[in-house]
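What follows is a single structure, written as C-alpha cells, with notes after it.
No lab work stands behind these numbers, since they all come straight from the coordinates. Worth saying up front: this structure is predicted, and the values here are computed from it rather than measured. Cβ coordinates were reconstructed from backbone atoms using ideal geometry, including for glycine residues, and neighbour counts include every protein chain displayed.
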Amino acid sequence: MRRSLHFDEAAGGAAEALGGPSAADPEELISRVRADRVEFVNLQFTDVLGAIKGVTIPAAGLGEALARGVWFDGSSVEGFARIHESDMVLRPDPGTYRVLPWGAPERRQARLICDVQTPDQRPFPGDPRGVLRRAMARAEAQGHTYNAGPELEFFLFKRNADARDGRAPLRPVPHDVGGYFDFSPQDLASTVRADIMRALAELGITAETAHHEVATAQHEIDFRYCDGLTAADNVMTVRQAVKAVAAEHDLYATFMPKPICGANGSGMHTHQSFFDRGGRNAFFDAAGRYELSDLARHYIAGQLAHAPALSAVLAPTVNSYKRLVPGYEAPVYICWARTNRSALIRVPCTSPGREQSARAELRCPDPSANPYLAFAVMLAAGLDGIERRLAPPEPVEEDVYHFDARRLEEMGIASLPGTLAEALDALEKDEVVRSALGDLAYQAFARAKRAEWDEYRIQVSDWELERYLETL
Ligand code: GLU
Ligand code: MG
C-alpha cells in the first residue's frame, strides 16, 4: 500500500525553505526549526561499518544540544570506545540540517549530521566523519579541496510473498523487466526514481541524473560532485532516501553489491578532482595526456599503487568480491584508461572548455562502503602518489577481461584481491592506507571484517550442495 510522501506545499517544497544547506548559524537554525514546525530532531552519525546511528531529541532541546553537544554511550557502537572510556559527545553540524520528507506530517522530523568528540571535546579519532576531515585537511594544507562525485547503483525488489510472514528467506525478486536507460512512463521504476529525485531535492541534494542500469531492477542516481565531506554526507542521505521511497512503493531497495549471480552488480564509481584556492581544477592541463595535469597523473598512480589495500575499504563485504569479476563492467585488473570500462580508473571525456570536469573515476568502490572511510583512503592513496611523484603505467585501452594470464603478466597488470580476506591482508600491510584510517578505526574495521569473513568461510552454500552432495 502506497502512503504518499508529504511535501511542504506552503514552503513550496523548496530545499532552502526547509533547512537547505545554508542553515549554519545556531540561532538561525533554531528559528528555522520552529518555522518548519519540526517536532523531533535526529542526531545522526555513522559507525565504522557505514551504518547510520543516532539519537532523537525533541526540537525544544536543540539549543542545548548545539551549545553543549549530546552525550551518549559509545561502547555499544561498532568501532567506537572501549568500555572504560565509553562516554562520547555528538556535536551537530548545523549546515547539515534537513527536514525529512517522509514519515507522518504531524510528527515532523529533521536530521542533523554530527561529528563525534571525546569528553574533553577533542575529535574522537574513530569517528569516520573525523577520519575524512583529517584526510581532507592534509589536502587543504597543500592548497587543494578534494572533490568527489559518487554514482550510486542499487536494485529495487519486491518482497517474495513467503518472506513476508517469515516462512522463507528474502529473495531478490525483480519488480520490472527494464534494461539500461530503458524508459517507459508506465514503468513503476520511473515513478519511484522521480519520487527519489523529488525527496532528494527536498533534502538539498540535486540529483543530476537517474536512470535504469544494465541489470533487471537495477537503477542509478548521480548527484553533482562537491567537496568530499558533503559528498559522503550525501551518500548516506541518498541511501536513506532511496530505501524510504522504495518502501513507500511497497518495494525494498538494496545496495548489496551483487544480489544476482550472472547479472551486473552495483558499484559506487567515484569521480575525483582537486580544486586549488582560486577554484581552478588542478587536475586539468590542456597540454597533458587526456588533458590531465601531472598532479592528476601522480594521484592516479598513487591509487593504482595502493589498490589492493584500498579494496578492503572500498569493497568491504564478502559479497563485494562477487561483483569484481570479469564480464560485468566492474573492474578486476589494476590499470587505467580513457574509455575502457574494465579498467580500475577511467578518465572520462569532457566537452571542450569544461576544464572543471577533468577528473579520475575510480570504479572499484561499491555502495556497501562507508563513504567517509572510502573517500579518506582514496584521497590518502592519491596524496601518497603526489608526494612520491609516482608515474602511472601506460594506460590500457583494450578490454582487459579478455587478456590471458600470460598477457597480463607481460604487461605487468595485477589483479584486485579476489576475496575480502585477500583485501584485508593487503590492508594490513599497507601503512599509507592504514594510517589514513588511524589506529582506532583500522583496528575496529579489521576486527569486524575478519569476523565477517570467518563466519562466511564456514558456511555450506546452495552451490556446494548442488555440486557435490550427490556426485561425491
Ligand atoms: N554496474 C557496473 C559496476 O558494477 C557499472 C556499470 C557502469 O559502467 O555504469 O561497476
Ligand atoms: Mg552505472
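Can you work out the FRET efficiency for the pair Cys261 and Asp227, with r the C-beta to C-beta distance and R0 = 41 Å, to the nearest 0.05?
On the way: r = 38 Å, r/R0 = 0.92.
It comes out at approximately 0.65.
Quick check on my link table: of Lys158/Lys258; Lys53/Lys322; Lys258/Lys429, which ones sit more than 19 Å apart, alpha carbon to alpha carbon? Check vs 19 Å cut-off fails for Lys53/Lys322; Lys258/Lys429.
When you count, for each residue, the other Cβ atoms within 10 Å and take the mean per peptide, how do 122-131, 67-76, 245-254 rank with the highest first? Can you show the working numbers first?
Values: 122-131: 22.1, 67-76: 15.3, 245-254: 19.1.
In decreasing order of mean packing, 122-131, 67-76, 245-254 become 122-131, 245-254, 67-76.
Projecting label points 7 angstrom from Cα along Cα→Cβ for Ala60 and Ala194 puts them 4.2 nm apart.
Could you order the peptides 223-234, 188-199 from most to least packed, using the average number of other C-beta atoms within 10 Å per residue? Walk me through the intermediate numbers first.
Values: 223-234: 21.6, 188-199: 19.8.
Result, highest mean first: 223-234, 188-199.
On the beta carbon distance between Thr350 and Asp454, with R0 = 56 Å, the FRET formula returns roughly 0.80. Over the range 109-153, the fraction of Cα-Cα pairs per 10 Å bin, rounded to whole percents and listed from the shortest bin up, is 23, 35, 35, 6, 0. What FRET efficiency, computed as 1/(1 + (r/R0)^6) with R0 = 45 Å and r the Cβ-Cβ distance, is obtained for Leu469 and Arg37, rounded to the nearest 0.05? Computed FRET efficiency for Leu469 and Arg37: 0.15. Ranked by the mean number of other Cβ atoms within 10 Å of their residues, highest first, the peptides 461-471, 358-368, 260-270 fall in the order 358-368, 260-270, 461-471.
The modelled label-to-label distance between Glu428 and Val325, using points 7 Å beyond Cα along the C-beta direction, is 2.6 nm.
Kirkwood hydrodynamic radius computed over the chain comes to 23.3 Å, based on all pairs of distinct alpha carbons. With the charge dipole of the range 326-419 set up from +1 on Lys and Arg Cβ and -1 on Asp and Glu Cβ about the Cα centre, the Cα lying farthest toward the positive end among the listed residues Met411, Ala343, Ala360 is that of Ala360. For a paramagnetic label modelled on Val173 (point 7 Å from Cα along Cα→Cβ), amide N atoms under 16 Å away belong, within the range 194-227, to 217.
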